[in-house]
Structure formats: C-alpha cells, structure tokens
C-alpha cells in the first residue's frame, strides 16, 4: 500500500460515520482541543476589556474588529485559498495564532494591556481568522474519502465547536477567577498547538486547484453565487440571522456584570448556556439532518432566535436568561450549520473554497456589524432593550421571508 492510499475505514454508527476516516479522526482530536482554547480566549478577552474600561462601546468594537475582516477580505481569501495547498497554508496560519495567543498572555501577565492594545489584538485575531476559518472548513472534504460522508463530517465539526462553546466559557470563568486572564491566553496558545500537531500528522488528499489570477478566481466564484438563486436565498438568511441574533455575544459581559450583578463565573454560565443550546442543535442535525430537511431547519432556527432575543429582553432573573440563551444558541446553530451543509453539499469541488469563504464572510462579517451596532445602541438604551429591538426586527424579517417564499411557491 502506497503512502497516498487511504487506510481502510472502520465501521462507526451512522450518526458519527465520518469518524471512520483516519485523517478526520486526527483532525477531529486536534480541532477539539484548539476550539476549546479559542472559546477560552474569547471570554477572557471580552472580560478583560470590560473590567478594565467598563465600556459597552469597546465590547462592540472588539466584536467588530475580531470578525469584520472576514467580511472584507474573507471572499478574496477564498479565491486565494483555492489556488494553493490548503493544508500547508493552514499550518502557517495556525502557527501565527499560537504566537498571537502567547504574546497576549505575556502582555496581560506583565500588565501592559489597555483598551487600544486589546483592540489591536482583536484586529490581528480577526485578520488571521479571515484566512484560517475558510481554510479549515475547505480542508474537511479532503479528510473524508467518501463524499457522501461530507455532510456528517461538517455536522461533527460543528458539534465539536459547540461542545467547546459549552465547556470553554465556564472553564474560562473559573480560570479567570483563580489565575487571571493571562492564564487563559497561555492555555489557548497550548490548545492551538494541538491542531497544529494534528495537521502535521494527517495525509490529506490533494484537492483541485483553481487556475488564473486571484481576481479571475474571485470573479468566477462570485458569478456562481449570483447565478444560483437558491444560494442567494441561503446567504440572505445568514445575513439576517447573524446581523440581528448573533449580536447578543457582544453584550454578555454587560448582562453578567450590570444586569445580573455577577462576575466572570456568571459570564461563563451565560456563554455556556448558549453553547449548550448550540450543541443540542448539532446533535439534532447529526441524527436527523438529511438534506431535504435543511430548508425547514434554517427557517425554524431563525424564528427561534427572534423569540429568544425577545425573551432575553424581559428576563429579569438569571435562570430565565440562561434558558433564553439555550434557545438562542440552538436557533443560531440550527440555521447556520444547516446552511453550511447545504452550500458545501451542492458546491462544485473546485469552487468549494470560495463558496465557504463567502458563507463565512456573511456569517461572521454581519455578526461583527451587529455586535458593533449593539454595543453603540446598548450604550444609549441598555443591553436588554437592544436585544429586544433586535428580536422584533428579526421576527418581522422571518415572517416576511416565509411570506415571500409561499407566494413564489403558489
């Protein structure tokens, strides 16, 4: 057997069948540790910013800077990715992420951080994620030898991310209380190293590379997205959900400290509640996420997001807020992951990097815009009222989208 021959598959239950591919197993293990570290860093960075400055605007700015580069350069990054060896590129980017987390940890430990420094670190993280996220997503197809297992691999990857989202924030809250934010950043640097080791171990099959200049490759991807009406509809829903629903993340430190009079542990619980709902959504998709059902899951998720935001607005007790966040995390993930599954399953192989990059640009770019807008509005009217306004607008948007779809079907 040559080095390029894929190893024989082992039998796994249908709900986790993608783990029968050895390369995906190795990636899955490294990605699990890395994603846990990423959530620990996100919670620690937002708490550090808020307890140093008490500024809702800075929280919105951090969310914007860490996500907006995906909207601006993400689609171009997708065209560039499709022209190069994806695995080697991801190894380089992951190495830089390790260094970034280590520097952030050292600076925090030495008390060199202030608002501008935190904003600069958030921007650097956003620039790196604008390349790393579509790279990682596009590589998943090369880790499974059977294309029929790709949707399951995507669901398992999302399940991993949301399991880390459930465990990571409470872990970060406890670690901040015991050892401070610098320990969280150091832990993240070690966690990112785990994925780097996994990438060095896998033997991913070569994917077809696009030919032509980056501008030509970008235009080819844009033409595909514009030509396919179903793809345009999916991306519009991504914009709507993430602009209005995902803005909650920027306001969680305010809810934890100013609304519910808590500390970093309470912030961890709030993050963890949303992560728990997101994890349940991936379980639902792993078991029942057949492609014909995905359209209904997308619309159901958006509607649940709207109701959960309205519930957060009126949740006077922490327990009610935690329940609303479980529903919100479930709805966002159900909608986003269903969209990702549908897009990747129907995208041609040579266009996959660009399609994923556009999806991620819409997913995180509009979350950045929503987070920035939410921070500015919360500084004027408060976090609960901001969440309520977002929920009302999203509910109107979901109703309008369903009515438009029904008219076209009639």
Task: Residue satisfying all of: in the range 290-308; at pLDDT below 90 and either touching a strand residue (DSSP E or B) at 6+ places or on another chain (Cβ under 7 Å) or more than 18 Å from residue 363 (Cβ to Cβ) (or both); surrounded by the fewest Cβ atoms within 10 Å (Cβ to Cβ) among these - done: 292
- [ ] Collect the residues in the range 173-211 that are in a helix (DSSP H, G or I), at pLDDT 90 or above and over 24 Å from the mean Cα position of the chain (by Cα), keeping them in residue-number order.
- [x] 178, 179
Task: Meets criteria (more than 20 Å from residue 105 (Cα to Cα), at pLDDT below 85 and part of a helix (DSSP H, G or I)) for residue 29 - done: no
Open item on the list: Looking at 56, 68 in this structure, which one is more than 21 Å from the chain's Cα centre (by Cα) and buried (at least 24 other Cβ atoms within 10 Å of the Cβ)?
Closed with: 56
- [ ] Could you pull out the residue among 124, 150, 135 that is part of a helix (DSSP H, G or I), free of Cβ contacts under 8 Å to residues at least 40 places away in the same chain and under 20 Å from the mean Cα position of the chain (by Cα)?
- [x] 124
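With 250, 276, 286, 281 as the choices, which residue is part of a helix (DSSP H, G or I), surrounded by fewer than 24 Cβ atoms within 10 Å (Cβ to Cβ) and at pLDDT 85 or above?
276
The values are calculated or read from the model by the stated rules, or taken from the named source; none is laboratory data. Only a predicted model underlies this, so the values are computations on that prediction, with no experimental measurement involved. With ideal geometry, Cβ positions are generated from the backbone for all residues, glycine too; neighbour counts draw on all protein chains shown.
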